[in-house]
Every structure is written in structure tokens, then in C-alpha cells.
Amino acid sequence: MAYRDHLNPQENMKILPVLDLLKSVVVRGVAGQRDTYLPVASCLTTSADASDVARAFRDTLALSELYVADLDAILHQRPNQSIYRSLVSDGFKIMVDAGLTNLRQAEEILSTGASSVIAGLETIPGPELLGSLCETFDHQQVTFSLDLQEGVPLGDTSQWETADPFEIGMRAVDAGVRKMIVLDLAQVGVGEGVPTQTLCRRLQEECPQLQLTTGGGVRDSTDLKNLQSSGIDAVLVASALHNGRIGRAEIDAIQAADGT
């Protein structure tokens, strides 16, 4: 991979709404405590149906690119592929985390029309499979998720030969990754700010070409502006959209600051 010689503030930071799916409906994720997740309550819609929530993001906030975290697949190996297809047929661009563990699963996800599969540290066996994914599919179709819980890497890290998040990130880049999510699940839905910026900055400095997404704890437009100024490519948001702290005006203001 050829890296940029210097860092520039990101000019087109994307805001990616998150659809957490459990029992085939949208739930509100809080601190990674999945056994307590309940159907989402939102100021945007009274429904927890995935299509209804997605349309609310698009109709109210003009956001049509989505991150789908399929907890039915991650926890129970029951992917909601019909929901993926429905979202794609409705004009949404989706990236899907369905607890990827092998190449076949990636092929099945992409066959639904998803634009990108998420290879999450929580479930992917190790860097060897990650390398195979990067060799098999276009680099835009594979995103590595550096999954953390209070700063500690999730999943079995034995094949990574390190438990240091930065080193795992670097090994993912060595495996061919060009798109990475850095997410601390302990902060999801908590609204205490995004704790991953320091790690993201280290990765940016070492690998300026890496497309970085983060999230987990975004509270309001101030957090968005801080992430934007630090050069983040995209940010995952859910709770702040559903509770109205980030609305169309705040999103438009970020885009205006981008010069779009």
C-alpha cells in the first residue's frame, strides 16, 4: 500500500447511521450488553422495523449509507439476509457485520448487494483469513473492525500474536486492509464521548492512506466536529440520531464545513 506523505483534515467525513439487528428488529445498543438490548425508541419513527428506521434516516436526515450490525448472525449464526436484500432494493448502500468467520460467509453477504463486509476482530479467526478476504475481494468490499471493550481487544487474539490494539491494527494493514473501523463497544449508546481518537491518530500517522471509521459514544455535533478535524473518514452514530441530539441541521452544518 502506498501511503500519503502527510495528513490533511478529512474533507468529506461520512455520518453512518447504525442499524443493530436483534430478533430481526432494530434495537438500541448500549455498552455491548447485548442481552439487555430492547427495540429502539426513536424520535424519527415509532417503528423498530429495519426498513422503517432506514427510511427515517433517509427521509429526515438525508442519510442513505448504513452500517448494519446483525447480532442475530454474530450471536446465533442466523443472518438476516432478507433484510439486507430489502434495504439494498430500497436504494440503501449497506456495510454488514454478520460475525464473519470464513470466505463463504463473505460471498453470501456480498451476494445480497451489500457494498462491504465487516471482518470483525470479535469473530474473525485471525490475520490469515483477513489476508484471504483482501486477496479474494476488492479492497473496497472488505472492512476490518478493530473491536474493543474498554480498550481491550475482543475475541481470540492468539493468531494475531499480540493483544495490543495498535499492533493488531498494523497487522491488519499488513494483511491488505485499506478500510478499518475502530470501535469500543463499552462506549456504544452511553453518550460519554468517543475514546478511540488517540488510537485512530496513531494508525493515521503510521498509515495515512488507511480509511478510518470510528464511533461509540458520539454525543452531539461537537463530537462530530472533533472527529472531523482529526481527519476521521466516517463516524458511526445511532443513539444521538434517535434522541435528536444530532439532526438534519447539525448534519448539514458538518457537510457545509466540509465544503460539500
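Checking the structure you have, find out if any residue of the range 135-151 is over 27 Å from ASP20 (Cα atoms), touching a residue at least 12 places away in the same chain (Cβ under 8 Å) and in contact with a His (Cβ under 9 Å, 6 or more places away or on another chain). Looking for residues that are over 27 Å from ASP20 (Cα atoms), touching a residue at least 12 places away in the same chain (Cβ under 8 Å) and in contact with a His (Cβ under 9 Å, 6 or more places away or on another chain), one finds none in the range 135-151, hence no.
What are the residues in the range 144-171 that are assigned to a helix (DSSP H, G or I) and either under 20 Å from VAL194 (Cβ atoms) or among the basic types (Lys, Arg) (or both), if any? Across the range 144-171, the qualifying residues are PRO165, PHE166, ILE168, GLY169, ARG171. Would you say LEU227 is touching a residue at least 40 places away in the same chain (Cβ under 8 Å), surrounded by 15 or more Cβ atoms within 10 Å (Cβ to Cβ) and aliphatic (A, V, I, L, M)? Yes; evaluated as a whole, the condition is true for this residue. Checking the structure you have, find out if any residue of the range 4-24 is in a helix (DSSP H, G or I), modelled with pLDDT of 90 or more and closer than 19 Å to SER115 by Cα. Checked against the condition, which is being in a helix (DSSP H, G or I), modelled with pLDDT of 90 or more and closer than 19 Å to SER115 by Cα, the range 4-24 yields no hits at all.
Please indicate, with yes or no, whether at least one residue in the range 201-209 is part of a loop (DSSP other than H, G, I, E, B), surrounded by 17 or more Cβ atoms within 10 Å (Cβ to Cβ) and touching a helix residue (DSSP H, G or I) at 6+ places or on another chain (Cβ under 7 Å). The answer is yes; a qualifying residue exists. Say whether the condition of being more than 18 Å from the chain's Cα centre (by Cα), buried (at least 17 other Cβ atoms within 10 Å of the Cβ), of a type in the set (Val, Ile, Thr) and at pLDDT 95 or above is met by at least one residue in the range 106-125. Taking every residue of the range 106-125 in turn, at least one turns out to be more than 18 Å from the chain's Cα centre (by Cα), buried (at least 17 other Cβ atoms within 10 Å of the Cβ), of a type in the set (Val, Ile, Thr) and at pLDDT 95 or above.
Within the range 73-87, being of a type in the set (A, V, I, L, M) and surrounded by 14 or more Cβ atoms within 10 Å (Cβ to Cβ) holds for ALA73, ILE74, ILE83, LEU87.
In the list ASP97, ASP90, which residue meets the criterion of being loosely packed, with under 15 Cβ neighbours inside 10 Å, at pLDDT 95 or above and not hydroxyl-bearing (Ser, Thr, Tyr)?
None of the other options fit; the residue is ASP90.
Scanning the range 36-52 for residues that are more than 22 Å from LYS93 (Cβ to Cβ) and touching a residue at least 60 places away in the same chain (Cβ under 8 Å) turns up ALA41, CYS43. Looking across the range 142-169, the residues that are among the polar types (S, T, N, Q) and over 14 Å from ALA98 (Cβ atoms) come down to GLN149, THR157, SER158, GLN159, THR162.
Contact map, the range 73-100: residues that are in a strand (DSSP E or B) paired with residues that are surrounded by fewer than 17 Cβ atoms within 10 Å (Cβ to Cβ) and among the β-branched types (Val, Ile, Thr), Cβ distance under 9 Å, separation 6+ or inter-chain. Pairs shown: ILE94/VAL88. Does LEU110 satisfy the condition of being touching a Gly at 6+ places or on another chain (Cβ under 7 Å) and of a type outside the set (Gly, Ala, Ser)? Against the criterion (touching a Gly at 6+ places or on another chain (Cβ under 7 Å) and of a type outside the set (Gly, Ala, Ser)), LEU110 does not qualify.
The values are calculated or read from the model by the stated rules, or taken from the named source; none is laboratory data. Keep in mind that this is a model prediction, so the values were computed, not measured. Here the Cβ is made from the backbone with ideal geometry for all residues, glycine too, and neighbour counts use every protein chain on show.
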